[in-house]
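The values are calculated or read from the model by the stated rules, or taken from the named source; none is laboratory data. Bear in mind the structure is a predicted one, so any value in this text is a computation, not a measurement. Note: accessible area is taken over every heavy atom of the protein model, side chains too, but ligands, DNA and RNA are not part of it. Shrake-Rupley method; radii C 1.70, N 1.55, O 1.52, S 1.80 Å.
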Amino acid sequence: MSLKMNLKKVGLFSIGPAAAALLSFISLPILTWIFSPDVIGKFEILRLVCSFSVLVFSFGLDQAYVREYHESTDKIKLLKVALLPPTLIMLSCASVLYAYKDFFIYALYESSNANLFAITIIAVFVSVFSRFLSLVFRMGENGLLYSISMALPRLLTLVGLLIFLYSEKSWSFEDLSWLHVISLLLVLIWMVATFRSELFTNWKGTLDKKLIKSMTSYGFPLMLSSFAYWGLTAMDRVFLNTYSTLEEVGIYSVAARFAAGAAIFQQVFSTVWAPTIYKWASEDSPNLNKIDDIVDKVLAVVIVLFCLGGLLSWVLGYILPKVYYDVQFIFVPCLAFPLFYTLSEVTVIGVGITKKTHFALGASILALCVNLVLNWWLVPILGARGAAISTAIAFYVFFIARTESSVFVWISFKRKRMYLFTGFVLILLVGQSLLGKENLSAALFLWFLLLVVSVIWNRNSLSSLFSAKGLKY
């Protein structure tokens, strides 16, 4: 019964990310048929501002809330303590930015539309509050409500885009932004209504300075670590916005959002993997065969997904408007983020087991530096392709650094075959991005060849995935 309940919980929590990814995948082609690349580029900047704001204004208190949740006897007070500082900081920053709103809006969107300031501020507030309230669902183990909070904004956005598509009106960036903000706001209102009795009552004694100091002390270092990871994932769009054009930002963001479909594999795997490996680690001695086996299985799946992405990338040239033709040559490098990251989640586990987490931070900083230098070099020359190649190489460095750190602090495991296959993948995806337009047939042949070799070489790992034995640990 316990196993069935655990599987049910995992399933409920997995529905949200999977549904959100599916809805985004459906929405993306519709978005490209309604809006030009420069509009989508501006929209991506808005999303980037929101993700950065969640990181900054949360001040690490979201992670501190997760850490303190099970030890707290007053979870309502804990939530209010976590929400109070971000709210006050956001209000202060919004007041200051209002004095410079014209400069702020033009720097972000190359526009003088004053309405965009209000849209941006509302989007930031809603994103930060939604982050904290979604944690209540998550920590309360309410997988269904958590999944609804993840998927509902994407569903509302899809409905709005369909209305846009079948309307004769010409829609602008402001219209798209309002659609995004209203979708998020409606879901936030639903979340607030769900917790209205907790949120709107008994604020007396909420300002517990000792608890705020304790949570800030815990969360602030984690926020710094998150900065490095955010920079690693967002550096490409920042450089494109600075050294290229909004059109290139739009083309790149479309490719990246298609590639984000692979994140479903990453999220589901991460949900199952961490509890499993820590259970193994609690045994008297680590079973190296189990580690090698799971590395082989994940490696096989990752290589197959890369190959299928390379083989099917040309389809994007037919389902998107001509102005987005280059998306097919940027899509495969964008897969490096979710897929190399997933593989690194397996190989870095020694760092977590030994609790030497500074090695993980070091890997993030190293990859961030690589990404910074490559984007500075390649974006002015290659635009969106340069950004995609830079991020792909940076995540490969991230994967190797995490792997070697784990081996250094824990136990060694087989890595030659893993580096061989992933090295071929990196060369192919860079080559396709640079030369794919002129040599598409050659690129497709090489992806097919790598797929055949990979399937033959990893046939035991792949076949065991579909057996009960392959899933039992």
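Compared with the direct C-alpha span, the chain from residue 26 to residue 356 gains 114.7 nm at full extension, assuming 0.36 nm per residue.
Note on residue 101: aspartates and glutamates with a C-alpha under 17 Å away, same-chain residues under 8 apart excluded, are 110, 174. With no solvent and one point on each alpha carbon, what is the Debye value of log10 I(q)/I(0) for the range 1-151 at q = 0.16, 0.19, 0.22 Å⁻¹? For the requested q values the scattering log ratios are -1.03, -1.21, -1.33. The listed residues 438, 68, 110 rank as 438, 110, 68 when sorted by accessible area, largest first, using a 1.4 Å probe. In the full protein context, the chain carries 48 Å² of accessible surface per residue, based on a 1.4 Å probe and ignoring ligands, DNA and RNA. Taking 0.36 nm per residue of sequence separation and removing the Cα-Cα distance, the residue 186/residue 415 pair yields an extension gain of 77.6 nm.
In whole percent, and with a 1.4 Å probe on the protein chains, what portion of the accessible area of the chain is carbon and sulfur? Answer for the chain is 68 percent, counting heavy atoms of protein chains only. The listed residues 210, 356, 169, once ranked by accessible area (1.4 Å probe) with the largest placed first, stand as 210, 169, 356. Which value in Å does the Kirkwood hydrodynamic radius of the chain take, with 1/r averaged over all unlike C-alpha pairs and then inverted? That comes to 23.8 Å for the chain.
An ellipsoid equivalent to the range 315-473, defined through the eigenvalues of its Cα gyration tensor, has semi-axes of 30, 23, 12 Å when rounded to whole angstrom and sorted largest first.
For the range 298-350, the Stokes-Einstein estimate of translational diffusion at 37 °C and a viscosity of 0.692 mPa s comes to 270 µm²/s, using the Kirkwood hydrodynamic radius over alpha-carbon pairs. Measuring only protein heavy atoms, the 1.4 Å probe finds residue 73 accessible over about 150 Å².
Scanning the chain for helices, which whole DSSP H stretches are 27 Å or more long along the axis (Cα) and average 0.0 or more by Kyte-Doolittle? Going by DSSP H runs, the hits are 2-34, 37-58, 75-98, 115-139, 143-165, 173-194, 209-243, 288-312, 358-382, 384-409, 416-435.
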